[in-house]
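*Asks:* The structure is given below, and queries will be raised subsequently.
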């Protein structure tokens, strides 16, 4: 039995089988490249599902980890530490928000945002103002509250009943939203660019309309930027590209470049209703992860870096449109920045599986959407290599 076979056998015997993992064992990475235990090379256009924004073995991240490892790893939120205060200062200075709550994942961030919204509405004297509006195609996490605002039926059905008071309406359909958002709504939660739901950007008029509707009925607007935030769309936050400001924003995936962290950014109006003991997390905001997250934030939040992401996003989109024009398997391209979706004429999983044989890691985002989320540090030459391997994949599948 080879080392690869041994590891896979151990995983299949002892790990709960809730994932369909690829049939190789990843061992190391460098930049946008991954290497398995047999020495095979893969260009990673998935970034660990939008997490590894600075790629693998980033000096920024490695240096921050080394610095943090010489200090405290964990003390709990019963005590002050410098890294979480400095990260909070950086996030607030770079966004609309006045306060931040740290957690450990995107699902936790969305759970907290829903709790904050319910308490905010109650604090206004509206005990019956508990409704939450979400959208078709949405994905906000797998925990019970986050799952309740996730539209995909197959994710929801085995675990129902979920939390009540949630209504779904059409994404990018403002008329539908007007019929659903009312004075019993405490919050509207939306992804400016849907990730798992198909790499679908919101229309500018749709988000502007949601902001106006929330103002009209006295509801909070929550932007879930867990996947599309932190430079992914070419601006630090996706909302900046729309000129629409939320009341609450949730973050996670790329914030610490591979270490687990989530964050809820909120206005002072919302923060004012939260008191000690209202929400908590043992591991959240630890010194090590916050040190790394501040280094990642400072590196991404530079005008030249973000301009480079926009330029490479445009270059990748142009290349992908050329691929689509020459392949009967791809009928369109959509997305923003380095967050791209290919509309396929066949099940996307067939393309994703074949791509691995060509040394390319890509993702699905729905039954017929191929998703590309390369590290923000990918070079134009590496984009060319990505596209070449994608073309080879499509020719083989075709």
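*Asks:* Tell me the residue from 64, 53 that is at pLDDT 95 or above, outside the structural domain of residue 373 (by TED's automatic domain parsing) and at negative phi, please.
*Replies:* The conditions single out 64.
*Asks:* Which ranges mark the helices (runs of 4 or more DSSP H) fully within region 280-398 that have 3 or more residues being in contact with a strand residue (DSSP E or B) (Cβ under 9 Å, 6 or more places away or on another chain) and either at pLDDT below 95 or more than 25 Å from residue 30 (Cα to Cα) (or both)?
*Replies:* Counting at least 3 such residues, we get 303-326, 348-357.
*Asks:* Follow-up question, since we're still on this one. (1) in a helix (DSSP H, G or I); (2) over 15 Å from the mean Cα position of the chain (by Cα); (3) touching a residue at least 12 places away in the same chain (Cβ under 8 Å): which one isn't true of residue 240, the others all being true?
*Replies:* Status for residue 240: all satisfied but (3).
A quick yes/no check of all residues on (1) over 15 Å from residue 269 (Cβ atoms); (2) under 21 Å from the mean Cα position of the chain (by Cα); (3) assigned to a helix (DSSP H, G or I); (4) not assigned by TED's automatic domain parsing to the domain that holds residue 48:
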residue	(1), (2), (3), (4)
109	yes, yes, yes, yes
115	yes, yes, yes, yes
119	no, no, yes, yes
128	yes, no, no, yes
133	yes, yes, no, yes
137	yes, yes, no, yes
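*Asks:* Residues that are in contact with a strand residue (DSSP E or B) (Cβ under 7 Å, 6 or more places away or on another chain), within 23 Å of residue 226 (Cα to Cα) and modelled with pLDDT of 95 or more: does region 173-181 have at least one?
*Replies:* Yes, that holds for at least one residue.
*Asks:* Also: So residue 99 clears everything in (1) over 19 Å from residue 239 (Cα atoms); (2) touching a helix residue (DSSP H, G or I) at 6+ places or on another chain (Cβ under 8 Å); (3) surrounded by 14 or more Cβ atoms within 10 Å (Cβ to Cβ) except one condition, right? Which one?
*Replies:* (1)
*Asks:* While we're here: Considering only region 292-324, how many residues are buried (at least 18 other Cβ atoms within 10 Å of the Cβ) and closer than 19 Å to residue 57 by Cα?
*Replies:* Result for region 292-324: 8.
*Asks:* If you don't mind, there's one more thing I want to ask. Can you find a residue in region 119-126 that is modelled with pLDDT under 95 and farther than 20 Å from residue 276 by Cα?
*Replies:* Checked region 119-126: at least one residue is modelled with pLDDT under 95 and farther than 20 Å from residue 276 by Cα.
*Asks:* Identify the residue in region 246-262 that is out of contact with any strand residue (DSSP E or B) (no Cβ under 9 Å at 6 or more places or on another chain) and outside any loop (DSSP other than H, G, I, E, B) and, among all such residues, is surrounded by the fewest Cβ atoms within 10 Å (Cβ to Cβ).
*Replies:* 259
*Asks:* Among (1) within 22 Å of the chain's Cα centre (by Cα); (2) in a helix (DSSP H, G or I), where does residue 83 come up short?
*Replies:* (1)
Quick grid of which residues meet (1) part of a helix (DSSP H, G or I); (2) without any contact (Cβ under 8 Å) to a residue 12 or more places away in the chain; (3) assigned by TED's automatic domain parsing to the domain that holds residue 107; (4) over 24 Å from residue 178 (Cα atoms):
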{"site": "206", "(1), (2), (3), (4)": "yes, no, yes, no"}
{"site": "221", "(1), (2), (3), (4)": "no, no, yes, no"}
{"site": "231", "(1), (2), (3), (4)": "no, no, yes, yes"}
{"site": "244", "(1), (2), (3), (4)": "no, no, yes, no"}
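Matching residues to (1) more than 21 Å from residue 353 (Cβ to Cβ); (2) in contact (Cβ under 8 Å) with a residue 12 or more places away in the chain; (3) not in a loop (DSSP other than H, G, I, E, B):
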residue	(1), (2), (3)
7	no, yes, yes
10	yes, no, yes
13	yes, no, yes
24	no, yes, no
30	yes, yes, yes
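*Asks:* Using the structure shown, decide if residue 330 is buried (at least 20 other Cβ atoms within 10 Å of the Cβ), more than 26 Å from residue 226 (Cα to Cα) and in contact with a helix residue (DSSP H, G or I) (Cβ under 6 Å, 6 or more places away or on another chain).
*Replies:* yes
*Asks:* Please find, among 365, 325, the residue that is touching a helix residue (DSSP H, G or I) at 6+ places or on another chain (Cβ under 8 Å), on the phi < 0 side of the Ramachandran plot and assigned by TED's automatic domain parsing to the domain that holds residue 48.
*Replies:* Of the residues listed, the single one that is touching a helix residue (DSSP H, G or I) at 6+ places or on another chain (Cβ under 8 Å), on the phi < 0 side of the Ramachandran plot and assigned by TED's automatic domain parsing to the domain that holds residue 48 is 365.
*Asks:* A further question follows. Would you please name the residue that is nearest to residue 364 (Cα to Cα), looking only at residues in region 32-70 that are assigned to a loop (DSSP other than H, G, I, E, B) and out of contact with any strand residue (DSSP E or B) (no Cβ under 7 Å at 6 or more places or on another chain)?
*Replies:* Across region 32-70, the extreme among qualifying residues is 51.
*Asks:* Same structure, new question: Return yes or no: is residue 171 in contact (Cβ under 8 Å) with a residue 24 or more places away in the chain, buried (at least 22 other Cβ atoms within 10 Å of the Cβ), in contact with a helix residue (DSSP H, G or I) (Cβ under 9 Å, 6 or more places away or on another chain) and closer than 22 Å to residue 275 by Cα?
*Replies:* Criteria not met by residue 171.
The values are calculated or read from the model by the stated rules, or taken from the named source; none is laboratory data. Note that the structure is predicted; figures quoted are calculated from it, not measured. Reconstructed Cβ throughout: ideal geometry from the backbone, glycine too, with neighbour counts over all protein chains shown.
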